[in-house]
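Have a look at the structure below before the remarks.
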Amino acid sequence: MSREVAGWVAEAARLTRPDRIVWCDGSNAEFQRLERQMLAARELIALNPASHPGCFLYRSDPADVARVEHLTYVCTHNRDDAGPNNHWMAPAQAHRQMDDLFRDCMRGRTLYVVPYCMGPIDSPYSRCGVEITDSAYVVLNMHLMTRTGRAALARINRDGAFVKGLHSTGDMNPERRFIMHFPEEASIKSFGSGYGGNALLGKKCHALRIASWQARSEGWLAEHMLIVGIENPQGETHYIACAFPSACGKTNLSMLIPPASYPGWKVWTIGDDIAWLHPGKDGRLYAINPESGYFGVVPGTNAKTNRNAYETIRRDTIFTNVALTADQQPWWEGLTEGKPLLDWQGRAYDPANGPAAHPNSRFTVAAAQNPSYSCAADAPGGVPISAIVFGGRRRTLAPLVYQARDWPHGVLLGAGVASETTAAATGAVGVVRRDPMAMKPFAGYNFADYWNHWIRVGEGLAAPPKVFHVNWFRQSSTGSFLWPGFGENLRVLRWIIDRCKGAAQARETPIGYLPAATDLDTAGLQISQAAVEELLRVDPVLWRTEFTAIGAYFDEFRERLPAALRGELTQALRRVAAA
Ligand code: OXD
Ligand code: MN
């Protein structure tokens, strides 16, 4: 047992005064014991064992259903290190404020100690943490989402370092809810929420905010990206990492089912939310998925949109905030069978109250249950990345797909990402906002320094991935989607892979390389020629406005903005002006 872990747990216990302390060993017996306890306390509801064996429903506090970006802080000594992209508080003040909230907060409760490892237990790229929490729901979720328990503790003892995460659900008062990060001391304090993104500290808090800070000093990247392997009928697999904002289809893309017109193609899931990317000795970038489970958005999941997820969550899954049918099956909008009896709050379902399942209702499930799970997800060295793909949810402007001219131009593509907000975070939905690299809520430091780091990582790679941007969400003037999406996205990924191999044509445009309509495989698709042309149209007037808006956004970062990025933008503006 690490003395540092023991000492820190004792210190947390002195502050929070729990009735008992439980050291979690990560075993199945522990998981089942907690499940039984929560069932007895009516904190979990068992779902129909015939249709959904091993599945449970958890209903959260109705005011605690999403990430709270307005209450999430990065606490660095120098305010500029957190940057204009983060809420900031001085570390001493933040510790004082949080410790006041934590004082005595676990009286009458159990303090669980959850040692965890982000990434394969024997990977040199993995990093460990310990989460202290008073929520059994959090412990169950950590079991599914991370490698917890004895093996993680053994690795912490070997590494001699770990991220300290202190969590309490507190009294669930949104006025007393804060998620604080201290990257300089690799620690996290989260109070007042049990929602995954705020409370499963291995995920957004550690694997993105703290890890992005560590990655900068160690020369790698911690990103909000899915990782997927695409195998062609010849048995050749290319791995692609895609950064899309929350609830924009990362899980669906990572589990894509090839359309009938793609016989012999296979898609392998490495990860659906987070990628840690390391330069390899051969000059390529290698990715691991630090997580071992999925915490996915449920609504919209069905056998057509994501058959793999649909099958994955038929057993041994925790559902949060979905509706219930009369025979205790989980139900959500987009499900093609059954009907809701009770809504996500346990009330008799009445459409006047809104959707039956909360729009941000979630499933938590072990990744290994996914039929498309890749055994390479456990490879200690990760998988080599051929392409990085940025994307957002944009009704207009951004074409279906385009390719950056080179890595620095790719950094501009990523830094310029904008997307409509979704229910994954509290606040207005459908508002276009800047979400560079899909990391707006997750970068643990100043974006200007982050972009600089991206440029430097690329400079150090002899064979950097090619960089692309996609937009599955373009709409016609009447508001219908122009691209069918889901499995058909493989057609776009195929062009991307062929570009990486130097085997596909493209035309040069002011924003980058685009396929001509004939370069994209649309055979057998119900899509008009006009729609394809619209999807691949670049309007220089609109792009000039867009680049000007990106420039105004960059201005917020003042003198820290890397000159190389400003240079890329100036060139991009010049190219659209000349078009
Ligand atoms: C998530 C998110 O839950 O991005 O993955 O909010
Ligand atoms: Mn996410």
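The values are calculated or read from the model by the stated rules, or taken from the named source; none is laboratory data. None of the values given here were measured: they were computed from a predicted structure. Because the Cβ atoms are built from the backbone with ideal geometry, glycine has one as well, and the counts that use them run over all protein chains shown. Keep in mind that these areas ignore ligands, DNA and RNA; they rest on the heavy atoms of the full protein, side chains included. Shrake-Rupley method; radii C 1.70, N 1.55, O 1.52, S 1.80 Å.
With 260, 247 as the choices, which residue is away from ligand 2 (no atom under 16 Å from the Cβ), at pLDDT below 95 and assigned to a loop (DSSP other than H, G, I, E, B)?
260
Answer yes or no: is there a residue in segment 297-309 that is buried (at least 23 other Cβ atoms within 10 Å of the Cβ), away from ligand 1 (no atom under 15 Å from the Cβ) and of a type in the set (Gly, Ala, Ser).
No.
Just name the residue that is nearest to ligand 2 (Cβ to nearest atom) out of those in segment 195-236 that are open to solvent by 10 Å² or more (accessible area, probe 1.4 Å) and in a loop (DSSP other than H, G, I, E, B).
Ranking the candidates gives 195 first.
Considering only residues that are within 16 Å of ligand 1 (Cβ to nearest atom) and either surrounded by fewer than 17 Cβ atoms within 10 Å (Cβ to Cβ) or not in a loop (DSSP other than H, G, I, E, B) (or both), which ones fall in segment 313-337?
Correct list: 318, 319, 320.
Only strands (runs of 3 or more DSSP E) wholly contained in segment 427-514 count here; list those with 2 or more residues that are under 27 Å from residue 305 (Cα atoms) and at pLDDT 95 or above.
466-470
Quick one: is residue 253 in contact (Cβ under 8 Å) with a residue 40 or more places away in the chain and either among the acidic types (Asp, Glu) or more than 11 Å from ligand 1 (Cβ to nearest atom) (or both)?
Yes.
Condition check ((1) aliphatic (A, V, I, L, M); (2) closer than 24 Å to residue 485 by Cα) across all residues:
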residue	(1), (2)
318	yes, no
349	no, no
356	yes, no
387	yes, yes
393	no, yes
402	no, yes
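Mind checking which pairs have a first residue in segment 445-474 that is closer than 20 Å to residue 248 by Cβ and a second that is open to solvent by 40 Å² or more (accessible area, probe 1.4 Å) and among the β-branched types (Val, Ile, Thr), Cβ under 9 Å, 6 or more apart or different chains?
Taking only residues 6 or more apart or on different chains, the pairs are 474/396.
For residue 421, are the conditions met, namely being surrounded by fewer than 23 Cβ atoms within 10 Å (Cβ to Cβ), more than 16 Å from ligand 1 (Cβ to nearest atom) and at pLDDT below 95?
Criteria not met by residue 421.
Examine segment 427-440 for a residue that is more than 16 Å from ligand 2 (Cβ to nearest atom), under 19 Å from the mean Cα position of the chain (by Cα), open to solvent by less than 10 Å² (accessible area, probe 1.4 Å) and within 14 Å of residue 550 (Cβ to Cβ), and state whether such a residue exists.
no
Residue under question is residue 182, and the condition is that it be among the aromatic types (Phe, Trp, Tyr), under 27 Å from residue 277 (Cα atoms) and touching a residue at least 24 places away in the same chain (Cβ under 8 Å); does it hold?
Against the criterion (among the aromatic types (Phe, Trp, Tyr), under 27 Å from residue 277 (Cα atoms) and touching a residue at least 24 places away in the same chain (Cβ under 8 Å)), residue 182 qualifies.
Can you name the residue in segment 524-579 that is closer than 23 Å to residue 452 by Cβ and touching a Phe, Trp or Tyr at 6+ places or on another chain (Cβ under 7 Å) and, of all such residues, is surrounded by the fewest Cβ atoms within 10 Å (Cβ to Cβ)?
566
Filter segment 263-284 down to residues that are under 26 Å from residue 371 (Cβ atoms) and over 18 Å from the mean Cα position of the chain (by Cα) and give me whichever is nearest to ligand 2 (Cβ to nearest atom).
267
When you scan segment 399-418, do you find a residue that is of a type outside the set (S, T, N, Q), open to solvent by 10 Å² or more (accessible area, probe 1.4 Å) and at pLDDT below 95, even just one?
Among the residues of segment 399-418, not one is of a type outside the set (S, T, N, Q), open to solvent by 10 Å² or more (accessible area, probe 1.4 Å) and at pLDDT below 95, which makes the answer no.
Looking at 454, 483, 472, can you tell me which residue is of a type in the set (A, V, I, L, M, F, W, C), closer than 15 Å to residue 409 by Cα and surrounded by 19 or more Cβ atoms within 10 Å (Cβ to Cβ)?
The unique qualifying residue is 454.
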